[in-house]
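J.: The structure follows.
Bear in mind these aren't lab numbers, they're just calculated from the coordinates by the rules spelled out. The shown structure was predicted, so the numbers you read here are calculated from the model rather than taken from an experiment. Virtual Cβ from ideal backbone geometry, glycine too; neighbours counted across all protein chains shown.
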Amino acid sequence: MLLAILALAPGPARAARPESTITVRGRVTDESGEGVPAQVVRLLKSRTIVKLGGLRSLDQSVEEKRATTDPLGFFEIECSADPEFPYYYLRFYDPKWFDAVKYRLPEDREITKRVREGRPVQVSVSLKFQPDWPKVKTLIDQYSPGSQVGQVLRSLGLPSNRSAEGSGRELWSYDRAGVAYLIEGSKVIETRALPGGPKNAGDDSRKKDEPAEAVRVDGP
């Protein structure tokens, strides 16, 4: 069955020129204006493929290259443009490493127009703090960042529920992670699996972000 790229816009050349180079520079900061180090920035390319005859289309996004911000939050990406993919955008996170406890997920930035024109791309983005981050930070400081409870808070954020269980003990439940911790002072003395396991919402969002494997498609 023949495959072809679906033309979504008029004009003889909607894809980037084969010899052109994509250069992207920018900085990732937080709301206070401080640079965010070790933040992943991903250059993704996309296209729409239509199966001739059935007129069924498939949107395909592929990671072309990535960079990691330096200690001051600056990054640079440089690579050759791919004429098979007409659209380009930046994603400022990797779902496996993004600090979702501290920051809200940033929106993608489309850079297609500047890539087509062969112009360098300058993009800066400010990561917004999660609404409950101040409470999380206060608790981390209270229990100590290096303590077992402090590490749980830093990894998972505020618990879904806190309930007293015996003298000086609390059960902290994390519904999305499917786990509960029995807390005594700044120590975790027991870990329990919650019935039903982790919530599916987290798994689904991660799967959606995984880019499709690149497949070369010849013209019609």
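J.: For the pair L52 and T112, how long in nm is the line joining their label points, each one 7 Å along Cα→Cβ?
T.: It is 2.3 nm.
J.: Also, I was wondering about something else. Quote the FRET efficiency, to the nearest 0.05, computed for Q142 versus L105 with a Förster distance R0 of 25 Å and r equal to the Cβ-Cβ distance.
T.: Rounded to the nearest 0.05, the efficiency is 0.40.
J.: Please compute, for the alpha-carbon atoms of segment 133-199, the extent along each of the three principal axes and give them in descending order in Å.
T.: Dimensions of segment 133-199 along the principal axes of its Cα atoms: 32, 28, 17 Å.
J.: Averaged over every viewing direction, what's the projected area of the C-alpha convex hull for segment 22-112? Give it in nm², one decimal, please. Working shown, then result.
T.: Numbers: hull surface 27.8 nm².
Dividing the Cα hull surface by four gives the mean projection, 7.0 nm².
J.: If each of T68 and Q151 carries a label point 7 Å out from its Cα toward its Cβ, how far apart are those two points in nm?
T.: Once both label points are built, they end up 2.1 nm from each other.
J.: Would you mind getting me the FRET efficiency between V188 and W97? Use the beta-carbon distance for r and R0 = 25 Å, nearest 0.05. Working shown, then result.
T.: Details: r = 23 Å, r/R0 = 0.94.
E(calc), rounded to 0.05, equals 0.60.
J.: Now for a separate question. Give the long-range amide H neighbours of Q39: residues separated by 5 or more places, or on another chain, with amide H under 5 Å away, using H modelled in the peptide plane at 1.01 Å from N.
T.: The list, which skips near neighbours in sequence, is T69.
J.: Give me a comma-separated list of calculated 3J(HN,Hα) values for segment 176-185, in order, Karplus coefficients 6.51, -1.76, 1.60 applied at θ = phi - 60°, integers in Hz, x for any Gly or Pro.
T.: Ordered by residue, 3J(HN,Hα) equals 5, 7, x, 9, 9, 10, 8, 9, 9, x Hz.
J.: Under 5 Å between amide hydrogens, which residues at least 5 positions from G178 or on another chain qualify, with H placed 1.01 Å from N in the peptide plane?
T.: The answer is K199.
J.: Let me ask you something else. With respect to the cross-link table entries K45/K199; K102/K135; K128/K199; K65/K96; K128/K187; K96/K135, which display a Cα-Cα separation exceeding 20 Å?
T.: As for pairs spanning more than 20 Å Cα to Cα, those are K45/K199; K128/K199; K128/K187; K96/K135.
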